[in-house]
Amino acid sequence: MSEAKRSDLFAVVNRQRACREFADTPVRDADLAPLLEAATHAPSAENKQPWEFVIVRDAATRAAIGELTRQAWELHGRAFSEQRLTPELLAEVDKGATSGIAGAPVHVVVCADIDRGLEATVGSSIFPAIQNLLLAATAVGLGSALTTLTTAFSAELRELLSLPAHVVPVAVVPVGYPAHELGRPRREPFAEHTHREQYGKAW
């Protein structure tokens, strides 16, 4: 890999972070296509490529997805998270779950076709595809986030999107231009969590 390409890759990886507040700027099909192309180049169990993407732009449907997300957060998510997150992060997640996600101009509902891949390997196939999508969004200047909250209401989501029985909703990825500039993600140094040969031997 050339130094320029390597720099581009790591620059994107190091910038990628969740966006939970979006501008009204439309996102065209031409803007989304590279994200979806990147998603389909992820590894998948047995190369079954079980991913299905439902692109939602309709305002009423996005509002309904946002409402399901809000309900899931307020019924269970907030209580689970409030003792685990810093007040700052909790406030950010709370805003995203109750209004920010609904405000994204596009929702990518990522699903798995369990006729095309084993149900037991859904996670190992779908989440790498989502990570590729998130990285590609960052690379082209779009904001995105991964949420599985909405799937707490999978039956309602299935009905809303007319999903057949063999297509399972796995996550919702809101996509749009960030409402404000996103800072770099906060990460602990990898060396603090890396062990040489055996656990406990420092890197």
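The values are calculated or read from the model by the stated rules, or taken from the named source; none is laboratory data. As the structure is a prediction and not an experimental result, all values here were calculated from the model. Using ideal geometry, Cβ is built from the backbone for each residue, glycine included, and neighbour counts are taken over all protein chains shown.
Numbers at a glance
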{"item": "Pair list, Cβ under 8 Å, 6 or more apart: region 27-40 residue crowded, with 20+ Cβ neighbours inside 10 Å, other residue among the charged types (D, E, K, R)", "result": "none"}
{"item": "Per-region count, region 47-94, residues in a strand (DSSP E or B) and either under 16 Å from residue 105 (Cα atoms) or in contact with a Ser or Thr (Cβ under 9 Å, 6 or more places away or on another chain) (or both)", "result": "5"}
{"item": "Those residues of region 76-106 which are in contact with a helix residue (DSSP H, G or I) (Cβ under 8 Å, 6 or more places away or on another chain) and within 14 Å of residue 149 (Cα to Cα), in sequence order", "result": "76, 77, 78, 81, 93, 94, 97, 98, 99, 101, 102"}
{"item": "Qualifying residue in region 182-198 (condition: closer than 18 Å to residue 92 by Cβ, of a type in the set (Val, Ile, Thr) and modelled with pLDDT of 95 or more)", "result": "no"}
{"item": "Unmet criterion (only one of (1) under 21 Å from residue 61 (Cα atoms); (2) in a helix (DSSP H, G or I)) for residue 103", "result": "(2)"}
{"item": "Scope region 62-86; condition in contact with a His (Cβ under 8 Å, 6 or more places away or on another chain) and in contact (Cβ under 8 Å) with a residue 60 or more places away in the chain; matching residues", "result": "65"}
{"item": "Residue within region 140-150 that is part of a loop (DSSP other than H, G, I, E, B), over 23 Å from residue 33 (Cα atoms) and among the small types (Gly, Ala, Ser) present", "result": "no"}
{"item": "Sole residue being surrounded by 21 or more Cβ atoms within 10 Å (Cβ to Cβ) and under 24 Å from residue 76 (Cβ atoms), chosen from 137, 97, 129", "result": "97"}
{"item": "First in region 110-132 and under 28 Å from residue 15 (Cβ atoms), second anywhere and charged (D, E, K, R), Cβ under 7 Å, 6 or more apart", "result": "111/52; 125/48"}
{"item": "Extreme residue, modelled with the lowest pLDDT, among residues of region 107-126 that are surrounded by 21 or more Cβ atoms within 10 Å (Cβ to Cβ) and in contact with a helix residue (DSSP H, G or I) (Cβ under 9 Å, 6 or more places away or on another chain)", "result": "117"}
{"item": "Selection count where residues are free of Cβ contacts under 8 Å to residues at least 60 places away in the same chain and not in a loop (DSSP other than H, G, I, E, B), scope region 152-200", "result": "10"}
{"item": "Unmet criterion (only one of (1) hydrophobic (A, V, I, L, M, F, W, C); (2) in contact with a Cys (Cβ under 6 Å, 6 or more places away or on another chain); (3) crowded, with 22+ Cβ neighbours inside 10 Å) for residue 167", "result": "(3)"}
{"item": "Cross-chain or 6+ apart pairs with Cβ under 9 Å, region 2-18 first and part of a loop (DSSP other than H, G, I, E, B), then at pLDDT below 60 and surrounded by 12 or more Cβ atoms within 10 Å (Cβ to Cβ)", "result": "none"}
{"item": "Condition met for residue 62 (of a type in the set (D, E, K, R) and within 16 Å of the chain's Cα centre (by Cα))", "result": "yes"}
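For every residue, the table says whether it meets (1) modelled with pLDDT of 90 or more; (2) in contact with a Leu (Cβ under 9 Å, 6 or more places away or on another chain).
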| site | (1), (2) |
| --- | --- |
| 60 | yes, no |
| 68 | yes, yes |
| 74 | no, no |
| 81 | no, yes |
| 87 | no, no |
| 95 | no, no |
| 100 | no, no |
